[in-house]
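S.K.: What follows is a structure written as structure tokens; I'll ask about it next.
Where a number appears in this text, it was derived from the coordinates with a stated rule and is not lab data. The structure presented is a predicted model; accordingly, all values stated were derived computationally and were not measured. Cβ sites come from the backbone with ideal geometry, for glycine too, and all protein chains shown count toward neighbours.
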């Protein structure tokens, strides 16, 4: 595997972590808001027995979704903290990636041009 692909993979991981974190935060907030809507309906509205049952089921579902989003957010939090503390390092890695890609491109399609006829003198034909 090319060196650039390995560096690129790590930088992709960091970008995906940011996206996953933002999604988890958004989902957790949405679930918290839905929880409040359900609780206020239970508190303030007169509901039938079946409406209470449906709301209780929905509340359980929303709380499970909230828990999953919160767990995901907490798992990614150390990566986000590291990113915040090491922004210069990430910038340096992006620059490094560009330099490595440039070096890799410079070595692609390389060929050798003979500088002397030393091989011709001994009757050796060279195909490069």
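S.K.: Just to confirm my filter: which helices (runs of 4 or more DSSP H) fall fully inside region 26-128 and include at least 3 residues that are touching a helix residue (DSSP H, G or I) at 6+ places or on another chain (Cβ under 8 Å) and closer than 30 Å to residue 13 by Cβ?
M.R.: Once the helices (runs of 4 or more DSSP H) in region 26-128 are filtered for at least 3 residues that are touching a helix residue (DSSP H, G or I) at 6+ places or on another chain (Cβ under 8 Å) and closer than 30 Å to residue 13 by Cβ, what remains is 49-85, 87-107.
S.K.: What number of residues in region 35-87 are in contact (Cβ under 8 Å) with a residue 40 or more places away in the chain and under 17 Å from the mean Cα position of the chain (by Cα)?
M.R.: Residues that pass the stated criteria total 8.
S.K.: Of the residues in region 1-22, how many are part of a helix (DSSP H, G or I) and free of Cβ contacts under 8 Å to residues at least 40 places away in the same chain?
M.R.: 9
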